[in-house]
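Taking it in order: structure first as structure tokens, then the write-up.
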Amino acid sequence: MTAVAAVAAAAVATVALPAAAADHHPGRHHSTVYISAVQYDSPGRDDRSNRSLNREWVDITNNSRRAVNLDGWTLSDEDGHTYTFDHYRLQGRSTVRVHTGTGHDTRTDVFQDRRHYVWNNDYDTATLRNDHDRFVDEYSWGQHRIRH
């Protein structure tokens, strides 16, 4: 009976896990700043409206108590679309959402000011690099092509 209960609990836990979470890198949050979530498939119809573009986003989280200056940091996809943070300071224990479309930057939301989607729905990788172009974190989903 105990083994059956354990298997059932594991099955429920697997089903309850969001799809994007399974694609990420579980247990690899040793960095103080990391990509905490990605909405790569804008909910609803992909009609390229600014509303739809802004419903595609990446969350960057600062897990430390100290603010981190993200000026010059970059967020990019596998195709080389790159957003560069400009004069942005991420407060301690907080998250900033990087939207694809246009808008007015705030403490909690910044905008890439693009008119086309960035993140592929079937597969892609969001990569975060610091102002010295050093790797900080990445978040992947889907089945990736084999690169030669």
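Just so you know, all these numbers are worked out from the coordinates, no wet-lab data involved. Predicted model, so just to flag it, every value in this text is computed and none were measured. Virtual Cβ from ideal backbone geometry, glycine too; neighbours counted across all protein chains shown.
The Arg66 and Thr102 beta-carbon pair, evaluated with R₀ = 25 Å, returns a calculated FRET efficiency of approximately 0.20. Kirkwood's formula applied to the C-alpha pairs of region 42-148 gives a hydrodynamic radius of 14.5 angstrom. What the phi angles of region 77-90 give under the Karplus curve with 6.51, -1.76 and 1.60, with θ = phi - 60°, is a coupling list of 9, 5, 8, x, 5, 10, 10, 10, 5, 10, 6, 10, 10, 8 Hz, glycine and proline written as x.
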